[in-house]
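Student: My questions all concern the structure below.
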Amino acid sequence: IAAIAVWAHECGHALQHQQAYAPLKIRMASVGITSFANGMLTWIMMGALFLGMIPLQLALPLLAGCWGVIMAFNLITLPVEFDASRRAKVMLHQMGFTATATEDRGVSEVLNAAAWTYVAAFITSLAYFLYHLLPFLTGRSDD
C-alpha cells in the first residue's frame, strides 16, 4: 500500500507538470533563490557566531531573510504536495488499485503522514524566521 501510494503521489506531480499547475510553477521558479538562501545560512552563521566576522546586528536580519525565503518556499510547497496526494487517492481508486475501504484508508494514512512532514517543515522554518527576526525588530539583538 505504501509503495503504490508514493508511486501515485509522484504520478500526481507528473499530472501537475502536464497541466501547468500554478503552485508547482511558482515552487519550481523559487528553487534557485531558496537554494541560495539555504547555502547562505551556513556562511552567515559561521561568519557571525563562530568566527565573529559579521556583527550580530547584521547577522540577525540576514538570517531572518534567509529563513523567510525558506519559509515561503515551504509554504508554497504545501498546496503542491497536498494536491499531488489528492490526485493520487483519486487515481488509485479510479484505476482499481485500491479495491477495499481498508486499502483506501491505508493509502490515505501514508499520504497524510507524508503531508505532515511538509507542514512540520513549514512550522520549523517559521519558528526559525521569527527567532531571528524578533530580536532584531525589538532592538534586543545583543542578547
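The values are calculated or read from the model by the stated rules, or taken from the named source; none is laboratory data. Since the structure is predicted, the reported quantities are computational estimates derived from the model, not experimental observations. Cβ atoms come from the backbone with ideal geometry, glycine included; neighbour counts cover every protein chain shown. These area figures cover heavy atoms from the full protein model, side chains too; ligands, DNA and RNA do not enter into them. Shrake-Rupley method; radii C 1.70, N 1.55, O 1.52, S 1.80 Å.
Student: Considering only segment 119-142, I want to know if a residue exists there that is modelled with pLDDT of 90 or more, closer than 28 Å to residue 4 by Cβ and surrounded by 17 or more Cβ atoms within 10 Å (Cβ to Cβ).
Tutor: Within segment 119-142, the first condition is being modelled with pLDDT of 90 or more, and the residues that meet it are 119-131.
From what's left, closer than 28 Å to residue 4 by Cβ: 119-122.
With surrounded by 17 or more Cβ atoms within 10 Å (Cβ to Cβ) added as a condition, the list becomes 121-122.
Scanning segment 119-142 turns up at least one residue that is modelled with pLDDT of 90 or more, closer than 28 Å to residue 4 by Cβ and surrounded by 17 or more Cβ atoms within 10 Å (Cβ to Cβ).
Student: Answer yes if at least one residue in segment 31-50 is modelled with pLDDT under 95, assigned to a loop (DSSP other than H, G, I, E, B) and within 26 Å of residue 119 (Cβ to Cβ), and no otherwise.
Tutor: No: segment 31-50 contains no residue that is modelled with pLDDT under 95, assigned to a loop (DSSP other than H, G, I, E, B) and within 26 Å of residue 119 (Cβ to Cβ).
Student: Follow-up question, since we're still on this one. For residues that are touching a Ser or Thr at 6+ places or on another chain (Cβ under 8 Å) and of a type in the set (Phe, Trp, Tyr), scanning just segment 28-86, find the one that is surrounded by the most Cβ atoms within 10 Å (Cβ to Cβ). First the steps, then the outcome.
Tutor: Of segment 28-86, the ones touching a Ser or Thr at 6+ places or on another chain (Cβ under 8 Å) are 56-57, 60, 67, 69-74, 76.
From what's left, of a type in the set (Phe, Trp, Tyr): 67, 73.
Numbers: 67: 23, 73: 21.
Among those that are touching a Ser or Thr at 6+ places or on another chain (Cβ under 8 Å) and of a type in the set (Phe, Trp, Tyr), it is 67.
Student: Checking the conditions here, which among 105, 86 is out of contact with any helix residue (DSSP H, G or I) (no Cβ under 6 Å at 6 or more places or on another chain), of a type outside the set (Ser, Thr, Tyr) and in contact (Cβ under 8 Å) with a residue 40 or more places away in the chain? Give the steps one after another, and end with the answer.
Tutor: Values: 105 fails: in contact (Cβ under 8 Å) with a residue 40 or more places away in the chain.
When all the criteria are applied, what remains is 86.
Student: Then there is this: Please list, ordered by first then second residue, the pairs with beta carbon atoms under 9 Å, 6 or more apart or interchain, first in segment 49-75 and farther than 13 Å from residue 128 by Cβ and touching a residue at least 60 places away in the same chain (Cβ under 8 Å), second open to solvent by 70 Å² or more (accessible area, probe 1.4 Å) and not in a helix (DSSP H, G or I).
Tutor: Short answer, once both residue conditions are applied: 56/142; 57/142.
Student: Which condition number in (1) within 24 Å of the chain's Cα centre (by Cα); (2) touching a residue at least 40 places away in the same chain (Cβ under 8 Å); (3) more than 22 Å from residue 121 (Cβ to Cβ); (4) surrounded by 19 or more Cβ atoms within 10 Å (Cβ to Cβ) is the one that residue 92 fails?
Tutor: Unmet condition: (1).
Student: Moving on. Could you say which residue among 114, 99 is open to solvent by less than 70 Å² (accessible area, probe 1.4 Å) and either out of contact with any helix residue (DSSP H, G or I) (no Cβ under 9 Å at 6 or more places or on another chain) or more than 21 Å from residue 46 (Cβ to Cβ) (or both)? If you could, list the steps in order and put the result at the bottom.
Tutor: Details: 99 fails: open to solvent by less than 70 Å² (accessible area, probe 1.4 Å).
Just a single option satisfies the conditions, and that option is 114.
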